[in-house]
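Working notes, beginning with the structure itself.
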Amino acid sequence: MKKLLLIHCMLFALNLFPQSSKDILLERDHEQLIERLKFMDYLNDVTMKLEGHIRRGGGDLEIPFYSYYNDSIVAPNPYPSTNISSYLDYQLNEVPPTAADFIVRVYNRNALNLHTIIKRYGYPTTTKLDKYVKINPFRATFIIQKASDDWKKIFYPLIKEENRKGNLTEIEYTFCRLAFKNGIMTQSEAHEFTAIMKRHGYSPAKRFDY
C-alpha cells in the first residue's frame, strides 16, 4: 500500500513538473508571447474581414488582391517586426498569388503557432496573462474555430487535456467547445453559453480591444 502511494505521488509530481516548467518559460517569454498572440489576432481579424468583402462582392474583390494585400493588410500591420509574407512561408515581401491561398495559409499558420504555444507554455489563458496585459478570453478560440478540420482533430484532445490540468477557465473552455462545433449551438448550448457569459460578467454582444 505504501509503495502504491509512493508511486502515485511520484507520478503526480512528474505530471506537475512539465507545467511548472512551462510557467517558468511563460514568465520569461511573456512579452514576446503576447506580441505574437496579438499579431496572430490581427491576421485572423483582417482575414475574416477579407472573407466578408469577398462574400459581399459575390465571390470577388472589387480591386486586385495585390492592392488589397499591400494597402489593407500589410500597411496597417501594427507589428511591423513580423513580416507577414515571411510568417506565411512566402518569400520576403512576396504578395500571395490569390486571396484564397492567403486565407488558407493564415488559418493554417495561426493554428500551427497556437499549437506550438500550447505545447510550449500551456494554453494562453487569461489567468496567466492578465497580470501582464488584459487578455480577451475569446481570441485563441477564434483561431481554433477558423482552423481546418484536420487541425481541429489535433486540437481537440490537447484542449481536453489542458482543461483537465486546470489550464483553462470555465468560459475559455466553453468557447473552445463551441469552436470545435464551428460556432453552431443547440438551444440548450446557447442557454448554457449565455449563462456562463453572464456569470463571468460578459455580455454576449460585448467587444474587446484584445
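The values are calculated or read from the model by the stated rules, or taken from the named source; none is laboratory data. Since the structure is predicted, the reported quantities are computational estimates derived from the model, not experimental observations. So basically every Cβ, Gly included, is an ideal-geometry build from the backbone, and we count neighbours across all protein chains shown. Remember, those area values only see protein heavy atoms, side chains included, never the ligands or the DNA or RNA. Shrake-Rupley method; radii C 1.70, N 1.55, O 1.52, S 1.80 Å.
Structure summary
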| quantity | calculated |
| --- | --- |
| Lone unmet requirement of (1) modelled with pLDDT under 95; (2) surrounded by 13 or more Cβ atoms within 10 Å (Cβ to Cβ) for Arg28 | (2) |
| Residue satisfying condition, being out of contact with any Gly (no Cβ under 8 Å at 6 or more places or on another chain), part of a loop (DSSP other than H, G, I, E, B), open to solvent by less than 40 Å² (accessible area, probe 1.4 Å) and over 22 Å from Glu27 (Cβ atoms), within set Pro96, Pro76, Pro80 | Pro96 |
| All positions within region 42-56 that are within 19 Å of the chain's Cα centre (by Cα), of a type outside the set (A, V, I, L, M, F, W, C) and open to solvent by 10 Å² or more (accessible area, probe 1.4 Å) | Tyr42, Asp45, Lys49, Glu51 |
| Leu114 vs. criteria open to solvent by less than 30 Å² (accessible area, probe 1.4 Å), at pLDDT 95 or above and not β-branched (Val, Ile, Thr) | yes |
| Cβ pairs under 7 Å, 6+ apart, first in region 122-145 and under 10 Å from Leu37 (Cβ atoms), second surrounded by fewer than 22 Cβ atoms within 10 Å (Cβ to Cβ) and charged (D, E, K, R) | Arg139/Asp41 |
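A quick yes/no check of all residues on (1) at pLDDT below 90; (2) in a helix (DSSP H, G or I); (3) over 17 Å from the mean Cα position of the chain (by Cα); (4) under 17 Å from Asn44 (Cβ atoms):
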residue	(1), (2), (3), (4)
Arg109	no, yes, no, yes
Asp150	no, yes, no, no
Lys153	no, yes, no, no
Ala195	yes, yes, yes, no
Asp209	yes, no, no, yes
